[in-house]
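Asks: Please read through the structure below; I'll follow up with questions.
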Amino acid sequence: MSACPILSALTALSDLPYPLYLACSGGRDSLVLAYGCYLLYQRGKLEKLPTLLHVHHGMQQANDDWAKLVGAWADEHGFNWQILPLTLTKKNETTARTARYQALAGAMADDGVLLVAHHADDQAETVLMRLINGAGVQGLSGMRVWQTKTIQGRKLSIHRPLLGISRHQISAFAHAHALAYVDDPTNETTDNARNLIRNDILPRLSALNPKVRQNIARTAHLMNDAHLLMNKTVFDLFKKCTSTSTNNHTPFVDCLDIQALRTLLVFEQSAVVRFFVQGDKPLAPSYQTMSDTMALTARTDGDHSTKIFWQGGIDENMDNTAIVLCRYKDTLYRHHHDLFLLLQDKMSDDKIPLTSSKMILKKNATFAIFLECHDGLYELLMDKMAYIKPITRDEWVWVCEGYVDKDGQTQIGSTKLGGKKLYQKLSIPTWQRPNLWGIYAYDEPVLMMSMEKYWLTDSTMFGDLFALFDGKYMGRTLLAVDKLI
C-alpha cells in the first residue's frame, strides 16, 4: 500500500521544536490538515497536537455555526482550541485577511508556528491572479512553504505543509475519513477574481493540459529560484547606490543615490529602481510608475515638487498603504504614505518642555515621531529650562560648520542663517522642513535636528555639548520613528 501523501507531507512537523497552531475554518482543507495531525499524534509521530485557532469575523450568518462545529470537533479529537472574534469596519476580503492574521498572531506564543492549509491548487490560483495583475518574478514565485510576516511589531512564522498536495488529494482524504467539514457557499460563485479563476478559468485551462495546476506550481518554484538569484545580483548593484549619506535615514524611508545610479548600465539602472520601488510589495511597479520614476531620476532642472504615488498591494507585513516617491537634489526617497503625510504636517510653535529622554513630538494614526536623546544630554539640559519646538522660517540660527584654515587644520566656525537658506544649507528636503526641531536652553537654541541629522549651534552651551557628542558638531539625528499599528 502506498504511503498517504498528506501524512507524508506532515511527518516533518515532528521535527519542529516550536508550539504549533493551526488556522482552522472548519472547511475541507483546514480540517484535513487538522485530522492529519491527529492521526500522526495517535500513531506517536507527533508529540503534541497543535492548538486550533478559528477566526470568527461575522461576514456571513453561517459563521456562528462554523465556530460551534470547530469547537465540537476539536473537543471530540482532543485539541485545544480558541475562537477569535473580529469586528470589521470594512467587510471586504482584503480587510478580513489583514484582520485575520492580526488576530491569529495575537493568540500565539512568540515562538509559535502557524500551520495553514494552502495547497497546490491555491498556489496555481495565486500565481494566475498575480500574472493577470502584472506581477514580476517575485510575485510569480507564489506562496512559500515557510514565510515570516511582521504583524504589529510581532514576527509571525507561517508554514504551509500541504503546498505540494492537490485539491483532489485533499478531497479524497476527507472522503476516506468521513470528515464532516463545512462548505463555504461563496466558493462556488464567480463574484471575485479568485473564484472566477478557480471555477471557470482553471477548468478551461485543464481542458488544454490536465497537468496545468502542477505545471503552474512548477513554474512558481522555478520563478522563486530565479527571484533569489536575481535579487542577489540586483541587491549587489543596489548596495552601490546606497552611500553612507543615504544610509543615514529614517525607518520607513528608503533612499537611493542618483549619482551612483547613473554609473550603472541602463538596464541595471532600471532593475535597481524597480527593486527600490517594489521593496516588500508582492507586485512589481506598473509600467507607468517605473516610467515616471526613471524620468524623475534623470531630471536636471532642480524641480523638487514631483511626487509619485504607488499603491503596490499588501506586503509581507500585511501593510496595504501606498508608497510615495520623491526626489531632493541627488537622492530619491521612498516613503510609507502615512509617514509622508505626518512629515508634511505643520506643527504649532508651542514650546514642549523637555521632561524625558524620550518624548513624542508629533503623530498620526499610524506613526509617531519622537525625540530619543541619551541620558547624558537629558541630564545636562534638565535644569536649564529646556524645551523643544519647530524652528520657524523667520527664525535665525548660528549654524556650526567645519572649515580648513590656512595651516591646513580643521576648525569650526558658524554662519547665521534662517528660512530657505537655512533649509538649503542643511540639505533638508522640502517635504521634511516642518520637522526641523530645535532644543532650547534658557530660550537659546543649542541644538537642531532634522529627520536625518543633528547640528550643534554656536551657543553658550557649545563646549559642553561638543564634549558630550565626542567632538562632533553634527551627526545622526536624535529623532526616531515608531509605527503605532
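Asks: List the pairs whose first member sits in segment 432-459 and is over 27 Å from residue 339 (Cβ atoms), whose second member is surrounded by fewer than 21 Cβ atoms within 10 Å (Cβ to Cβ) and of a type in the set (Asp, Glu), and whose Cβ atoms are under 7 Å apart, counting only residues at least 6 apart or on separate chains?
Replies: 459/444
Asks: Going by the structure shown, is residue 423 assigned to a helix (DSSP H, G or I), modelled with pLDDT under 95, under 16 Å from residue 474 (Cβ atoms) and not assigned by TED's automatic domain parsing to the domain that holds residue 326? Give the derivation first.
Replies: Details: assigned to a helix (DSSP H, G or I): yes; modelled with pLDDT under 95: yes; under 16 Å from residue 474 (Cβ atoms): yes; not assigned by TED's automatic domain parsing to the domain that holds residue 326: yes.
Answer is yes for this residue.
Asks: When residue 126 is evaluated against the numbered criteria (1) over 23 Å from the mean Cα position of the chain (by Cα); (2) closer than 28 Å to residue 196 by Cα, which criterion, by number, is the only one it fails?
Replies: Checking residue 126 against (1) over 23 Å from the mean Cα position of the chain (by Cα); (2) closer than 28 Å to residue 196 by Cα, the one that fails is (1).
Asks: Of the residues 34, 23, which is without any contact (Cβ under 8 Å) to a residue 60 or more places away in the chain, surrounded by 21 or more Cβ atoms within 10 Å (Cβ to Cβ) and either assigned by TED's automatic domain parsing to the domain that holds residue 179 or not polar (S, T, N, Q) (or both)? Quick ask: steps written out before the conclusion?
Replies: Working: 23 fails: without any contact (Cβ under 8 Å) to a residue 60 or more places away in the chain.
On inspection, the qualifying residue turns out to be 34.
Asks: How many of the residues making up segment 259-289 are closer than 17 Å to residue 324 by Cα, assigned to a helix (DSSP H, G or I) and modelled with pLDDT under 95?
Replies: 8
Asks: Suppose we filter segment 443-466 for residues that are within 17 Å of residue 425 (Cα to Cα) and part of a loop (DSSP other than H, G, I, E, B); how many remain?
Replies: Residues flagged as within 17 Å of residue 425 (Cα to Cα) and part of a loop (DSSP other than H, G, I, E, B) within segment 443-466 amount to 4.
The values are calculated or read from the model by the stated rules, or taken from the named source; none is laboratory data. Predicted, not measured: the structure shown is a model, and the values here were computed from it. Note that each Cβ is placed from the backbone with ideal geometry, even for glycine, and that neighbours are counted across all protein chains shown.
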